[in-house]
There are 2 protein chains.
Amino acid sequence: MDNSDNKVEVTIAGRSFKLTGYDPEYLKKVADYINAKHEDCNSSESFKKISWDLQSLFLQLNIADDYFAAQAEIEELKKELEKKDNEIYDLKHELVTSQMKSGRKP
Amino acid sequence: MDNSDNKVEVTIAGRSFKLTGYDPEYLKKVADYINAKHEDCNSSESFKKISWDLQSLFLQLNIADDYFAAQAEIEELKKELEKKDNEIYDLKHELVTSQMKSGRKP
């Protein structure tokens, strides 16, 4: 079976590899983000001094840090949504009460 | 100046390094997440066959993939919040109209 049609080449930190199961445009976006991280870290003199192995692990940590920040934002947004839901519930209740008072059926 | 008090040791993929500026508990959580990724990938025979360099870059991609999924969830939640805000605006407007009809000041 030839899977070559599904393979997408990606270049990260100057090294290329082929992956299956990814949309090429999405993969490019993710690779661009990682390459920007590499460039950003490489601007630090202390980062350049450590071994490539440790640099790579540090980058994993750096990306995971962004992921956890996004997760924290998700939690905050969910809390905000819950507040809005409660506000909507209260407003609907208040509206029904008001409509009953004004003689209209809710 | 002795910065040793601020340094936190973290172990990722069996390699330890020291970082400053992180809360130890948070750093442990992030390291646990990355180590789970390493274990997960290492359960794949094809992953084991590639060089450590490529394994490490693949893990960066894998973590960034989680980050982009979280970003997509943030976008969805923001859209949902906007819808709720519009619903709240409409309900408040309807409530004021109803209260005016029933003779109450809004």
Item to check | Other copies of residue B:44: label-to-label distances in nm, shortest first, labels 7 Å along the beta-carbon direction | outcome: 2.9
Checklist outcome for this item: Heavy-atom accessible area of the protein assembly as shown with neighbours in place, 1.4 angstrom probe: carbon+sulfur share in percent works out to 48
Item to check | Helix-derived mean residue ellipticity, 222 nm - over chain B, DSSP H n ≥ 4, -39500 (n - 2.57), to 500 | outcome: -24500 deg cm²/dmol
Checklist entry - By how many degrees, 0 to 90 and rounded to 10, does the Cα axis of helix B:52-101 deviate from the longest principal axis of chain B? => result 10
Item to check | Contour excess over end-to-end distance, with Cα ends at residue A:97 and residue A:49 and 0.36 nm allotted per residue | outcome: 10.3 nm
Checklist entry - Counting pairs on different chains as well as pairs 8 or more places apart, how many Lys pairs in chain A have Cα atoms under 17 Å apart? => result 13
Checklist entry - Taking the label point 7 Å from Cα in the Cβ direction, how far apart in nm is residue A:79 from each other copy of itself, listed shortest first? => result 2.5
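R0 = 25 Å: FRET efficiency of residue A:72 with residue B:65, Cβ-based, nearest 0.05?
Efficiency at R0 = 25 Å is approximately 0.85.
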Item to check | Per-copy distances of the residue A:23 label point, shortest first, in nm (7 angstrom along Cα→Cβ) | outcome: 3.5
Checklist outcome for this item: chain A accessible area per residue, 1.4 Å probe, protein heavy atoms, integer Å², reads 64
Checklist entry - What's the angle, to the nearest 10 degrees (0 to 90), between helix B:24-42's Cα axis and the longest principal axis of chain B? => result 70
Checklist outcome for this item: Given a Förster distance of 45 Å, the FRET efficiency implied by the Cβ-Cβ spacing of residue B:32 and residue A:87, rounded to the nearest 0.05, works out to 0.75
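The values are calculated or read from the model by the stated rules, or taken from the named source; none is laboratory data. All of these numbers come straight from a predicted model, not from anything done at the bench. Note that each Cβ is placed from the backbone with ideal geometry, even for glycine, and that neighbours are counted across all protein chains shown. We work out accessible area using only protein heavy atoms, side chains counted, and drop any ligands, DNA or RNA first. Shrake-Rupley method; radii C 1.70, N 1.55, O 1.52, S 1.80 Å.
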